[in-house]
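Heads up, the thing below is written out as structure tokens.
The values are calculated or read from the model by the stated rules, or taken from the named source; none is laboratory data. As the structure is a prediction and not an experimental result, all values here were calculated from the model. Please note: Cβ atoms are built from the backbone with ideal geometry, for glycine as well, and neighbour counts cover all protein chains shown.
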């Protein structure tokens, strides 16, 4: 009788141990799978940053080359000395030709030094095409900075919308969230946009957190008064008072990115077009 009981307990223990080992294997497999996914995520981000950094260097190189080639030299000099290149003298057509050669959807290039932003801008057939597609047309978790599909490619609309992901490694539009900090109070932040019609500069005047379905991304307006009212309203919503006054502005750009840990919200940054 005693041996039967012990035998039954032994069988039960063996079954329990097998179940425990099976659960341990399943748990280990889940952990390994998660580590692989995290590894792929950061590898994708690294590759994305590397590609965009290389493109930025290439754009600077072709711009510098074109500007150097157009500098008039003193014919009396045997070997003309290289002249310093001014940003304002650089012909943006070189950059746009390069971008167009790589991707026909390219509409420009954006630079914001204070946010470590320097990326090409594309426009797809809708607002989903470049969410997870690199500038080179491959899958990328970081996607590409893109213009709203309803905007005109030449940035001529009263409000041109540009979208970018808020990546954990600080890339894309991640650093726009820093503009909400008090350290940027009364500061002047300029945005440079290289487009098909030249170089345009914009001045940041507003930043705030907003529900994703709020009308901060308006593109169509009834008249100039409607545009002015919209710009003033976006100015009032700003969480920070920048060194910028949008009164009288007729054209702006809006940068939109996700708000960390708030899925239904977006960070909006508005900037007014500066006069030539």
Practice problem: Looking only at the range 253-268, decide whether some residue is under 29 Å from residue 52 (Cα atoms), over 19 Å from the mean Cα position of the chain (by Cα), touching a residue at least 40 places away in the same chain (Cβ under 8 Å) and surrounded by 13 or more Cβ atoms within 10 Å (Cβ to Cβ). | Solution: no
Taking the range 172-181 and keeping only residues that are surrounded by 14 or more Cβ atoms within 10 Å (Cβ to Cβ) and part of a loop (DSSP other than H, G, I, E, B), one is left with 173
All conditions in (1) at pLDDT 65 or above; (2) in a loop (DSSP other than H, G, I, E, B) are true of residue 74 except (1)
Per the filter on the range 151-171, residues over 21 Å from residue 199 (Cα atoms) and either at pLDDT 95 or above or touching a strand residue (DSSP E or B) at 6+ places or on another chain (Cβ under 8 Å) (or both) are 165, 166
Exercise for review: Consider residue 218 carefully, then state whether it is in contact with a helix residue (DSSP H, G or I) (Cβ under 7 Å, 6 or more places away or on another chain) and in contact (Cβ under 8 Å) with a residue 40 or more places away in the chain.
Suggested key: yes
If we ask which residues in the range 121-134 are touching a residue at least 40 places away in the same chain (Cβ under 8 Å) and either part of a helix (DSSP H, G or I) or out of contact with any helix residue (DSSP H, G or I) (no Cβ under 7 Å at 6 or more places or on another chain) (or both), their number turns out to be 1
* To do: Report whether or not residue 228 is surrounded by 13 or more Cβ atoms within 10 Å (Cβ to Cβ), without any contact (Cβ under 8 Å) to a residue 40 or more places away in the chain, over 24 Å from residue 121 (Cβ atoms) and out of contact with any helix residue (DSSP H, G or I) (no Cβ under 9 Å at 6 or more places or on another chain).
  => yes
Note: among 118, 142, just one is part of a strand (DSSP E or B), touching a residue at least 60 places away in the same chain (Cβ under 8 Å), within 15 Å of the chain's Cα centre (by Cα) and buried (at least 18 other Cβ atoms within 10 Å of the Cβ), namely 118
Here the residues within the range 218-236 that are under 19 Å from residue 162 (Cα atoms) and either modelled with pLDDT under 95 or assigned to a loop (DSSP other than H, G, I, E, B) (or both) are 218, 219, 220, 221
Across the range 197-211, the tally of residues that are modelled with pLDDT under 95 and in contact with a strand residue (DSSP E or B) (Cβ under 7 Å, 6 or more places away or on another chain) stands at 1
Within the range 145-171, of all residues that are touching a helix residue (DSSP H, G or I) at 6+ places or on another chain (Cβ under 8 Å) and in a strand (DSSP E or B), the one farthest from residue 114 (Cα to Cα) is 159
Output for Cβ contacts, cut-off 8 Å, separation at least six or different chains, first residue at negative phi and in a strand (DSSP E or B) in the range 196-211, second crowded, with 17+ Cβ neighbours inside 10 Å and at pLDDT below 95, reads 199/90; 199/92
